[in-house]
Every structure is written in structure tokens, then in C-alpha cells.
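A short worksheet on the structure shown next.
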Amino acid sequence: MDEALVVRAQGGDAQAFAALAASTIDRLYAIAYRILRETELARDATQDALLEAWRDLPSLRDPARWEAWTYRLVVHACYNQRRSDRRLSAAIQFFRVDRSSVPDTALSVADRDELERGFRRLPAEQRAVIVLHHYQGLPLTEVADVLGIPAGTARSRLHYATRRLRAALTADATLPATGEERTV
């Protein structure tokens, strides 16, 4: 990342900011999508984060922190999207998969689907820690810095998210074979 580009953008250079946004937008969208799990919400959160970055760029004290700063902006935009998302919950019927009769490719799809359902049950704050730590590969101390929380809180959120995800996967595995209606 070119710090001189950040400094130029801080001075109001729209071309420099456009170059920064272009180099960052894919990573920001990937984080937003992994937290929100919906394409349109992730696009909106990414756009909100970039708008806020343009508006608040002069307040960025250390140009070397551009990437971590934008991660924080997109995570907070995701939180705001979740808070404003007042959709009705849908009644979905889940069926237990008989793994002995499913081809191998379907097993991986079924596993991903189970993981997706469990991940959707996590609060956005826990999703953010998982995404930044496991998908972006940030150490927990940097995750804490990006989110503006203490390192112990980041560790705690990761611990409880993992525990909650395991419980959700275990609960799904014990569904009756006839199916059970659940509200998501």
C-alpha cells in the first residue's frame, strides 16, 4: 500500500482516493459479505464504508494504517446494516441429510450449508471477529485494534462464537429425520 497515495487523498485528491478504493474494495466487500451473508447488504455496507472513508480521511492520523482503518469502517457499516435490517423472518423447513445415500460432492455442499446456517445465528460482533481472524488471517491483537476493542474482548468473542457455532451445528445434526420447521 502506497502511503504517499493516502497522503494525497487526505489532501483532497479524488484520483488518489479512487486508486485507494479500487485497491481495497474487493477485500472490504469480502469482509462485509462474510459478516452479513447477503450480497445486497454487503454491497451497501462496503459503499457506506468507502463514503465514510472519503469523508473522514483527513482525520486518519497514520497513513500506514489505511487498511486496518478501512476494515474498522466496513465492520461498523455491517453492524449498522444489521441494526437497520428489519426484515421478517422466514419459516424454513430443514431436513436431516442421510449421509449414507448422498454422493461426496453433495456432502461438501450439505456441510457448507450447515456451517452457513450456524454462522447466520451468530451476532454480527462475533461474526466480525471470526471473519477478521480466520478469513483475513489477522492476529487477535490486530483484530482487537481494528474493531476498537480490548484484546481480551476479541479473544472472548472468538471463544463464544466458536462455542455457539459448535452448539448450532450439533443442534442441526440432531434434527428429526422428518424435518422440523424453524424460524430464521
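Pop the C-beta distance of ALA171 and ARG37 into the FRET formula with R0 = 25 Å and round what comes out to the nearest 0.05.
0.85
Which distance in nm do the two modelled labels at ARG164 and GLN47 give, with both placed 7 Å along the Cα-to-Cβ direction?
The answer from the label model is 2.9 nm.
What are the ³J(HN,Hα) values, in whole Hz, obtained from phi via the Karplus relation 6.51 cos²θ - 1.76 cosθ + 1.60 with θ = phi - 60°, for each residue of the range 154-164 in sequence order, with x given for Gly and Pro?
Those phi angles translate into 4, 4, 5, 5, 5, 4, 5, 5, 4, 4, 5 Hz.
Using a simple spin-label model with points 7 Å from Cα along the Cα→Cβ vector, what separation in nm is obtained for ARG55 and THR153?
2.2 nm
Read-outs throughout are calculated quantities, based only on the coordinates presented, and are distinct from any laboratory measurement. Everything quoted here is computed from the prediction, not taken from an experiment. Cβ sites come from the backbone with ideal geometry, for glycine too, and all protein chains shown count toward neighbours.
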